[in-house]
Amino acid sequence: RRSSDLGRMASSISHDLRHYLSAMYANAEFMSNQNLPQADREELFLEVRDAVQGMTDLLDSLLLFTQTGRALQLSQEPIGNVIQRAVGMVRSHPAARDVRIVVPALPLVEASIDAKKLGRAVYNLLLNACQAAHRGKECPMVAISLEEDETNIYIEVSDNGPGVAESVRQTMFLPFVSEGKESGVGLGLTLAQQIAQEHGGAIKLKQNLEKSSVFTITLPKAVLNTLGSAADNRAMRVS
């Protein structure tokens with residue numbers, strides 16, 4: 001199954017990369033015209049930048065997908081810092097253009113996590129939310145929050161888009177489900193779910209209304225503590 005997934009992904013990525021490269025080549029040719037007005041030149045530059053970002057996302061998804069199942073690089077980290085870094089990355093993405101991203105004061109919640117991977121999961125959810133918000137009828141807005149109780153840590157991402165279509169609710173965490181997107185291999189939610197599961201948790205569509213959807217990453221504290229203790233023991237044996 002995994003080799004089949006990789007084959008399908010390679011074919012899809014090849015198609016999308018050719019699309020982005022063709023757009024970049026065409027825009028570069030137009031930009032070389034010395035008589036092109038500055039406003040048109042700036043618009044073409046933005047299109048080239050968007051294509052570069054799209055290619056980067058595709059390659060990052062491919063790399064992370066092939067790393068699934070490898071040992072987590074665990075450390076005790078403030079999850080709020082992970083969220084803030086992910087928000088900063090998304091804000092520079094073309095999909096977040098004109099999207100209001102709301103980040104309230106985040107509580108100090110620390111846990112033994114793979115900060116790089118969990119950050120990617122949060123980034124993917126935020127990016128997915130920005131894309132959904134653009135498809136809504138109101139000014140696009142995305143919000144993220146962090147909470148905890150005695151047993152779990154919760155990272156919640158909401159948007160004011162049209163909600164998740166009934167046709168994809170049962171399959172949205174599977175690879176290559178990308179309904180409503182102009183391009184992309186549909187790995188964002190798949191990777192986010194896999195990363196959450198590697199931390200002993202999961203991602204669920206908590207709420208799905210006509211004008212909004214809410215995704216929640218749930219991380220069980222007991223599992224994170226066990227993962228952290230096991231990593232510490234391995235480090236002590238190595239030293």
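The values are calculated or read from the model by the stated rules, or taken from the named source; none is laboratory data. Since the structure is predicted, the reported quantities are computational estimates derived from the model, not experimental observations. Note that we place each Cβ from the backbone using ideal geometry, even for glycine, and neighbour counts take in every protein chain shown. The accessibility values were calculated without ligands, DNA or RNA, using every heavy atom of the protein model including side chains. Shrake-Rupley method; radii C 1.70, N 1.55, O 1.52, S 1.80 Å.
Looking only at residues in the range 186-233 that are modelled with pLDDT of 85 or more and in a loop (DSSP other than H, G, I, E, B), which one is nearest to V157 (Cα to Cα)?
G201
Could you list all residues from the range 97-131 that are assigned to a helix (DSSP H, G or I), open to solvent by 10 Å² or more (accessible area, probe 1.4 Å) and either in contact with a strand residue (DSSP E or B) (Cβ under 6 Å, 6 or more places away or on another chain) or more than 30 Å from L227 (Cβ to Cβ) (or both)?
Once the filter is applied, which keeps residues that are assigned to a helix (DSSP H, G or I), open to solvent by 10 Å² or more (accessible area, probe 1.4 Å) and either in contact with a strand residue (DSSP E or B) (Cβ under 6 Å, 6 or more places away or on another chain) or more than 30 Å from L227 (Cβ to Cβ) (or both), the range 97-131 yields A115, Q131.
Consider R169 against the criteria (1) farther than 14 Å from I203 by Cβ; (2) free of Cβ contacts under 8 Å to residues at least 40 places away in the same chain; (3) not aliphatic (A, V, I, L, M): it satisfies all of them except one. Which criterion is unmet?
Among (1) farther than 14 Å from I203 by Cβ; (2) free of Cβ contacts under 8 Å to residues at least 40 places away in the same chain; (3) not aliphatic (A, V, I, L, M), the lone unmet condition for R169 is (1).
Can you tell me which residue in the range 39-90 is modelled with the highest pLDDT, limited to those that are part of a loop (DSSP other than H, G, I, E, B) and not hydrophobic (A, V, I, L, M, F, W, C)?
The selected residue is Q73.
Please tell me if G163 is over 30 Å from S229 (Cβ atoms), touching a residue at least 60 places away in the same chain (Cβ under 8 Å), surrounded by 14 or more Cβ atoms within 10 Å (Cβ to Cβ) and more than 16 Å from the chain's Cα centre (by Cα).
Taking the combined requirement at face value, the residue does not satisfy it.
Before we move on, is E150 closer than 26 Å to L106 by Cβ, part of a loop (DSSP other than H, G, I, E, B), of a type in the set (D, E) and modelled with pLDDT of 75 or more?
Considered against the rule, which asks whether it is closer than 26 Å to L106 by Cβ, part of a loop (DSSP other than H, G, I, E, B), of a type in the set (D, E) and modelled with pLDDT of 75 or more, E150 comes out as yes.
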